[in-house]
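Colleague: I am attaching a structure below and will ask some questions about it afterwards.
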Amino acid sequence: MKRNTVLITGASRGIGRAAAAAFAENGYDLVLNCLHSASELELFSNDLKKRFPIRTLCCYGDIGDADFVRAMFHQTADFCGGIDILINNAGISHIGLLSDMTYEEWEAILHTNLTSVFLCCKYAIPYMVSQKSGKIINISSDWGLYGASCETAYSATKGGVNAFTKALAKELAPSNIQVNAIAYGVIDTDMNAGLTAEEQERLKEEIPAGYFAKPTEAARFLYQLAQAPNYLTGQVISFDGGWI
């Protein structure tokens, strides 16, 4: 009997890593991707296999590169036939004035944050359609809903992810495939590590919940969304402690 399999991009740290642990704890086989932390992800993968009766496949490469993503899905087909859940988590940020941003920096953030979502969905969908089931969860941000000064490019990519989510959900609903996004607020990950202690305290004061969510808390919600009824699709759900 085929076991359920989830593919998580950007799985070596932060929300992706916590999500991998949450799905492993619940018996899912894992396909894990990262670009820069291969040895770290390998150790993490081996640890999960020791703790839980699961299988894992680690794929190292640029998730915005079409050739790599095509090869990753070929590996995945050999590993498990096809994935049941796709979590598009990989992402990078860029802080600074748009007028100071280079074309190369703009292309890099589009490549990683938006093109990767297109590519992974493109190659995940055929198997899901053949099975008449599947769930796609795109990791977004409050900035994709409201925009952020000095994060115009990041906001634009996450806004693109949100529109992509809503449109693809309508396209795939007849095939019983659900597509949703989570617009995270401030999560205690490396992406926010550049804030000074004073900046962190000021930011916490703006959040009604009064704290930054831990990656494990963010991952628990992500797992719960993956188990949601099939009628829930095309939604961008904020997870931000009431911040915005």
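The values are calculated or read from the model by the stated rules, or taken from the named source; none is laboratory data. Bear in mind the structure is a predicted one, so any value in this text is a computation, not a measurement. Cβ sites come from the backbone with ideal geometry, for glycine too, and all protein chains shown count toward neighbours. Calculation scope for accessible area: heavy atoms of the full protein, side chains included, ligands and nucleic acids excluded. Shrake-Rupley method; radii C 1.70, N 1.55, O 1.52, S 1.80 Å.
Colleague: Checking the cross-link filter: which lysines have an alpha carbon closer than 24 Å to that of Lys49, excluding same-chain neighbours under 8 positions apart?
Modeller: Hits, sequence-local ones excluded: Lys2, Lys135, Lys214.
Colleague: Quantify, in whole percent, the carbon and sulfur part of the accessible surface of the chain (1.4 Å probe; protein heavy atoms only).
Modeller: Result for the chain: 54 percent of the exposed heavy-atom area is carbon or sulfur.
Colleague: Follow-up. Quick one: grab the alpha carbon gyration tensor of the stretch 1-94, order the square roots of its eigenvalues as a ≥ b ≥ c, and give me rounded if a/c is under 1.5, else prolate or oblate depending on whether a/b is larger than b/c.
Modeller: Here the stretch 1-94 falls in the oblate category.
Colleague: Hey, another quick one. Determine the per residue accessible area of the chain with all protein chains present and a 1.4 angstrom probe, expressed in square angstrom.
Modeller: For the chain, the per-residue accessible area is 47 Å².
Colleague: Mind ordering 235-242, 104-111, 176-183 by average Cβ neighbours within 10 Å, highest first?
Modeller: Top of the packing list down: 176-183, 235-242, 104-111.
Colleague: Could you run the Karplus curve 6.51 cos²θ - 1.76 cosθ + 1.60 with θ = phi - 60° over the stretch 77-92 and give me ³J(HN,Hα) per residue in whole Hz, x for Gly and Pro?
Modeller: 4, 5, 6, 9, x, x, 9, 8, 9, 10, 10, 8, 10, 4, x, 10
Colleague: Please work out how much length the chain gains when fully extended from Lys204 to Asp190, using 0.36 nm per residue of separation minus the C-alpha to C-alpha distance, in nm with one decimal.
Modeller: So the extension gain works out to 3.4 nm.
Colleague: Let me ask something additional. Using +1 on the beta carbon of Lys and Arg, -1 on that of Asp and Glu, and nothing else charged, what's the dipole of the chain about the Cα centre, debye to 20?
Modeller: 1280
Colleague: Moving on. How large is ³J(HN,Hα) for each residue in the stretch 7-18, as worked out from phi by the Karplus curve 6.51 cos²θ - 1.76 cosθ + 1.60 (θ = phi - 60°), to whole Hz, x for Gly and Pro?
Modeller: Working through the residues one at a time gives 10, 10, 8, x, 8, 7, 7, x, 4, x, 5, 5 Hz.
Colleague: Which cross-chain or sequence-distant (5 or more) residues have an amide H under 5 Å from the amide H of Ala90, H modelled 1.01 Å from N in plane?
Modeller: For Ala90, whose amide H was placed from the backbone, the distant partners under 5 Å are Thr9, Gly10.
Colleague: In what sequence, highest mean first, do 124-137, 217-230, 5-18 appear when ranked by Cβ atoms within 10 angstrom?
Modeller: 5-18, 124-137, 217-230
Colleague: A follow-up question, please. Contact order normalised by length for the stretch 29-104, with contacts defined as Cα pairs under 8 Å and 6 or more residues apart; what percent is it?
Modeller: Value for the stretch 29-104: 29 percent.
Colleague: Mind listing the long-range amide H neighbours of Ala181? Cut-off is under 5 Å, sequence gap 5 or more, other chains count too, H placed in the peptide plane at 1.01 Å from N.
Modeller: Asn138, Gln235, Val236, Ile237
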